[in-house]
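The values are calculated or read from the model by the stated rules, or taken from the named source; none is laboratory data. Being a predicted model, the structure only gives us computed values, none of them experimental. A quick note on method: Cβ atoms are made from the backbone with ideal geometry, for glycine too, and the neighbour counts reach across all protein chains shown.
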Amino acid sequence: MCSTPCEFLKNGCRSKLRVGRDRFSRYRRRYGIPRYRSYSYRSSTCDERCWNATSPPSACQCSCGGANHGGRYRRYHEQYPRRNFAHPAPSMTPQPRETPVSDYFKSVGKAALTSAVVYGLSAAAPPIGAVLIPAYTLYNYSKLGYGLFKVYREISEGEKVSPNSMSKISGQLGEVATQSSSDAIASTLITKASQSGLFKEMAEKTGIQEGVLAEMTRGSTSSALSASGGELAKFAIMKAVGA
Amino acid sequence: MEQKQFDIISIIASRKAEFYINVRNKLLETLPSNVDKKKARTQLRRVIADLDNRLFISEEEKASNMIKPGLSIAQLKLDTKAILDQIIKGMTET
């Protein structure tokens, strides 16, 4: 005897279950359990031809299945929102607020930054997109150096450019007063070098973005002009293979 | 400034570029969606560009007064702590 759904399954009584929308109707009827289904109807007024409807009275679903005999009947599950592609409903999950970059690296991002820097300094086999061979061995660095020197000479033509006279030059070049003088000279130098196509040519040969090269050269020039300018003069350059 | 100094500047700039690309690729993988990647990238680029040139000259090069252009960043064995401190300082500034 299969009196519960579990017993139905255990005792191999599955064939006795009615296959359809309500498989447990016999069980429900026996124990008086109401059917768990929600209905919603547009109209509560039945067509006069549907007095013998088989559905609940307000649904007007006729047994004959003719037109207008139950067409105004629909069912939906209220627990699921209806899909509207034209005006999608706002997401229920709150969107995370954008964190400022400095705040992120002050807290949880510090470890990631440390890891990336350590990796960047010791990457023996860089991933795809990273620089595998030093850029300056692929490209004749002296060409870039000469190009920068030429631009520098053009800027300083008729005016001596040195760390001591930078303020005067930067004023002449129209740089903003808040920018340091070495930065101003470096920015002017890089702007003129970019206009001459120096970085574009190097970017094509090395695969490094033009903007990255220009920014790094600006920073290095600024640093050389301000702090370590005198120190660089004492270094010689070893002839590079392939340079 | 002489041309030789600009040659050295171009070598250091290339080293910075190599270092920046390696760090950027690694860092962007770990950034969460609520952090503006473009801003982080721009800030990182500026911070690395403004690092002191001396940080990108190895101790060996300083001792011999000879810049070796053929060495990669990994081969240079640079001062990790000094570079890291400067980068963290630059990245956490508002």
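A few remarks follow.
- Candidates B:32, B:69, filtered to the one that is outside any helix (DSSP H, G or I), within 7 Å of chain A (Cβ to nearest Cβ) and at pLDDT below 90: B:69
- Annotation: of all residues in the stretch A:190-217 being in a loop (DSSP other than H, G, I, E, B) and farther than 12 Å from residue A:147 by Cβ, the one that is nearest to the other protein chains (Cβ to nearest Cβ) is A:208.
- Test: residue in the stretch A:132-146 that is in a loop (DSSP other than H, G, I, E, B), within 15 Å of residue B:14 (Cα to Cα) and at pLDDT 75 or above: no
- Test result for residue B:19, touching a residue at least 40 places away in the same chain (Cβ under 8 Å), crowded, with 19+ Cβ neighbours inside 10 Å, part of a helix (DSSP H, G or I) and among the aromatic types (Phe, Trp, Tyr): yes
- Test result for residue B:11, at the interface with another protein chain (Cβ under 7 Å from one of its Cβ atoms), touching a residue at least 40 places away in the same chain (Cβ under 8 Å), in a helix (DSSP H, G or I) and closer than 24 Å to residue A:238 by Cα: yes
- The combined condition, being more than 25 Å from residue A:102 (Cβ to Cβ) and either within 7 Å of another protein chain (Cβ to nearest Cβ) or touching an Asp or Glu at 6+ places or on another chain (Cβ under 8 Å) (or both), is not fulfilled by residue B:58.
- Residue match in the stretch B:22-29 (condition: facing another protein chain (nearest Cβ under 7 Å), closer than 17 Å to residue A:115 by Cα and charged (D, E, K, R)): yes
- Set side by side, the residues B:44, B:51, B:55, B:71 differ, and just one is of a type in the set (A, V, I, L, M) and closer than 12 Å to residue A:121 by Cα, which is B:55.
- Number of the exception - residue B:84 against (1) in a loop (DSSP other than H, G, I, E, B); (2) modelled with pLDDT of 90 or more: (1)
- Test for residue A:236: is it at the interface with chain B (Cβ under 10 Å from one of its Cβ atoms), at pLDDT 70 or above and more than 15 Å from residue B:13 (Cβ to Cβ): yes
- Single condition residue B:86 does not satisfy, out of (1) among the polar types (S, T, N, Q); (2) under 19 Å from residue A:114 (Cβ atoms); (3) at the interface with another protein chain (Cβ under 8 Å from one of its Cβ atoms): (3)
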